[in-house]
Ligand SMILES: *Cc1c(COP(=O)(O)O)cnc(C)c1O
């Protein structure tokens, strides 16, 4: 089946009642017939039919053998990292989602894990960072907020040579545009809160696996920690994923128009978008993905312009998060990356003139009109 069809029919859930929409199994526990007749489901921390339906849909979309759904993206990453032991070393993309950096620098480090944050678009740097304790490479592409693209297949080759686990956070492109497991990654991570859910109304996270042992082991950790996705939220995800293809196409179409508008605006100094030919990693994303997504960052002429614009926007909401039907604008230096030390932020270009736009599925003309009046 093609991706659009998997989005709609993915789980192929068949309900005895004939219900077309997967029911919300709002039950904590499940009755067994006898000691020798234990039900497939027993307790919802371990598994739940509504959650299973969304897990098999996302596993299907990413071409994995299994997927686990979590209450948030960070819960998914936290559980995944419980597979590592003290002194294990992980190489991670330096321009990473702020919450992942906070997790790695606080809890993971306290648990004895060691990290090297490097520009993973630079393969020599990746290779040079490998030590005898290195166990994994954690890649985000395109990055947040600087939209730097790393080549999944090239890093997968390095990972394979050194027997490392390649983990890809695929939140920005989603399986609709990029399937990292097909390019050699071992695990895909998602914040389902973003494009997969797609409506800015629920939090969720996913891990998708290619290897059964790793999936089974992580399921035990997940059951032990208990950060699982609730039945109702699982249903919202199933509902959201049905229109993933339509939403990704529309928001990308809008993004291209907005990039063209921003490039000609006198107060806009730089535009960062993975689909720009002079963008870092353009040739790689062109080869590996079927789209560039709808995340844009741009630098304006002054902090004063930032302040005024964030007050002036009418339809565009000044709010954290991304990937929903509504266009959102964020100020990374203070919001998503507020916990990253200023010196480091400046080095990476996350300054007080940078704004990040998550383009929604409204009519592009209306988004551009609001940007225009806001930047006046
Ligand atoms: C939001 C986000 C996360 C964290 O997900 P939550 O659902 O907010 O916990 C991880 N990675 C990326 C790229 C994100 O955008």
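The values are calculated or read from the model by the stated rules, or taken from the named source; none is laboratory data. Computed from a predicted structure; not experimentally measured. Using ideal geometry, Cβ is built from the backbone for each residue, glycine included, and neighbour counts are taken over all protein chains shown.
Counting only residues that are touching a helix residue (DSSP H, G or I) at 6+ places or on another chain (Cβ under 9 Å) and either under 14 Å from residue 135 (Cα atoms) or within 16 Å of the ligand (Cβ to nearest atom) (or both), the range 103-113 holds 5 of them. Exactly one residue out of 220, 155 is surrounded by 24 or more Cβ atoms within 10 Å (Cβ to Cβ), more than 16 Å from the ligand (Cβ to nearest atom) and at pLDDT 95 or above: that is 155. Residues of the range 328-344 that are buried (at least 19 other Cβ atoms within 10 Å of the Cβ) and more than 16 Å from the ligand (Cβ to nearest atom): 333 alone. Against the list (1) within 26 Å of residue 200 (Cβ to Cβ); (2) part of a loop (DSSP other than H, G, I, E, B), the condition residue 285 fails is (2).
What residue, among those in the range 77-91 that are within 15 Å of the ligand (Cβ to nearest atom) and surrounded by fewer than 22 Cβ atoms within 10 Å (Cβ to Cβ), is farthest from residue 114 (Cα to Cα)? Residue satisfying both the conditions and the ranking: 78.
Residues are listed down the side, and each one gets a yes or a no for (1) crowded, with 19+ Cβ neighbours inside 10 Å; (2) at pLDDT 95 or above; (3) within 23 Å of the chain's Cα centre (by Cα); (4) part of a loop (DSSP other than H, G, I, E, B):
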position	(1), (2), (3), (4)
127	no, yes, no, no
132	no, yes, no, yes
144	yes, no, yes, yes
149	yes, yes, yes, yes
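Selection of first residues in the range 185-203 that are on the phi > 0 side of the Ramachandran plot and of second residues that are more than 9 Å from the ligand (Cβ to nearest atom) and part of a strand (DSSP E or B), restricted to Cβ pairs under 8 Å at least 6 apart or on distinct chains, gives the following pairs, ordered by first then second residue: 200/328.
Residue 219 - would you say it is within 21 Å of residue 361 (Cβ to Cβ) and in a helix (DSSP H, G or I)?
No, not satisfied.
Screening residue 329 against (1) closer than 30 Å to residue 105 by Cβ; (2) assigned to a strand (DSSP E or B); (3) more than 26 Å from the chain's Cα centre (by Cα) leaves a single unmet condition, (3). Scan the range 289-323 for residues that are within 15 Å of the ligand (Cβ to nearest atom) and either out of contact with any helix residue (DSSP H, G or I) (no Cβ under 9 Å at 6 or more places or on another chain) or in a helix (DSSP H, G or I) (or both) and the total you get is 5. Here the range 288-307 is the region considered, the condition is being farther than 18 Å from residue 251 by Cα and free of Cβ contacts under 8 Å to residues at least 60 places away in the same chain, and the residue that is surrounded by the most Cβ atoms within 10 Å (Cβ to Cβ) is 306. Looking across the range 1-31 at every residue that is modelled with pLDDT of 95 or more and assigned to a loop (DSSP other than H, G, I, E, B), the one that is surrounded by the most Cβ atoms within 10 Å (Cβ to Cβ) is identified as 25. Only residues that are touching a helix residue (DSSP H, G or I) at 6+ places or on another chain (Cβ under 9 Å) and part of a strand (DSSP E or B) were counted in the range 256-282, giving 2.
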